[in-house]
1. Considering each of ASP54, ASP19, ASP38 in turn, give the residue that is of a type in the set (D, E, K, R) and under 18 Å from GLU95 (Cα atoms).
2. If I filter the stretch 22-33 down to residues being out of contact with any Pro (no Cβ under 9 Å at 6 or more places or on another chain) and in a loop (DSSP other than H, G, I, E, B), which single residue comes out as least open to solvent (accessible area, probe 1.4 Å)?
3. Does VAL104 satisfy the condition of being modelled with pLDDT of 95 or more, surrounded by 10 or more Cβ atoms within 10 Å (Cβ to Cβ) and β-branched (Val, Ile, Thr)?
4. Looking at (1) outside any loop (DSSP other than H, G, I, E, B); (2) open to solvent by 70 Å² or more (accessible area, probe 1.4 Å), which one does PHE84 not meet, given that it meets all the others?
5. Could you check the stretch 3-32 and list, in sequence order, the residues that are β-branched (Val, Ile, Thr) and within 12 Å of GLU105 (Cα to Cα)?
6. Could you grab me the full set of residues in the stretch 9-33 that are of a type outside the set (Val, Ile, Thr) and either without any contact (Cβ under 8 Å) to a residue 12 or more places away in the chain or over 15 Å from ILE44 (Cα atoms) (or both)?
Amino acid sequence: MKAAHYALEKKATDIHVLDLREITSMTDYFIVATGSSDRQVKAIAENVIAEMRDTEGVGAWRSEGWDSLHWVIIDFVDFVVHVFQAEFRQFYNIERLWGDAPMVEVKDEIPVAKKPKAKPSRPKTTKVKASAPKIKIISDSRHAS
């Protein structure tokens, strides 16, 4: 799920994707992530909303929890993103409540170093320096003695 990776961009931890398709018709997936503070929860949630809208063309239908920032829920209809602070995630324990759902943990992937693309080679050209034409002065009447 792209939304999980957008949460990773803001350093969300302990990200799980629960597949609810065989359990409920409410939504297909829950994405559950943890932020370490109010500010990080806000940054994670805002990044998920912005990237899903701008990059994937998917807007959030509804979101809640912006006042306290302990638990922000972002409903995209087909999936719901839950961004918790650790103590609230532990208290609500969504993974236990939906324990019958298959779950995948999303971890930060180590980026593979890519070789820079080679620039197309240009044929070497030799620059010829243009020189001023040589002028031979035959006589100069201004300096006659």
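The values are calculated or read from the model by the stated rules, or taken from the named source; none is laboratory data. The model shown is predicted, which means the values in this text are computed figures rather than measured ones. Cβ sites come from the backbone with ideal geometry, for glycine too, and all protein chains shown count toward neighbours. Ligands, DNA and RNA are stripped out before the accessible areas are found, and what is left, the full protein with its side chains, is counted by its heavy atoms. Shrake-Rupley method; radii C 1.70, N 1.55, O 1.52, S 1.80 Å.
1. None of the other options fit; the residue is ASP19.
2. THR27
3. no
4. PHE84 satisfies every listed condition except (2).
5. THR13, ILE15, VAL17, ILE31, VAL32
6. Selection gives LEU18, ASP19, LEU20, ARG21, GLU22, SER25, MET26, ASP28, TYR29, PHE30.
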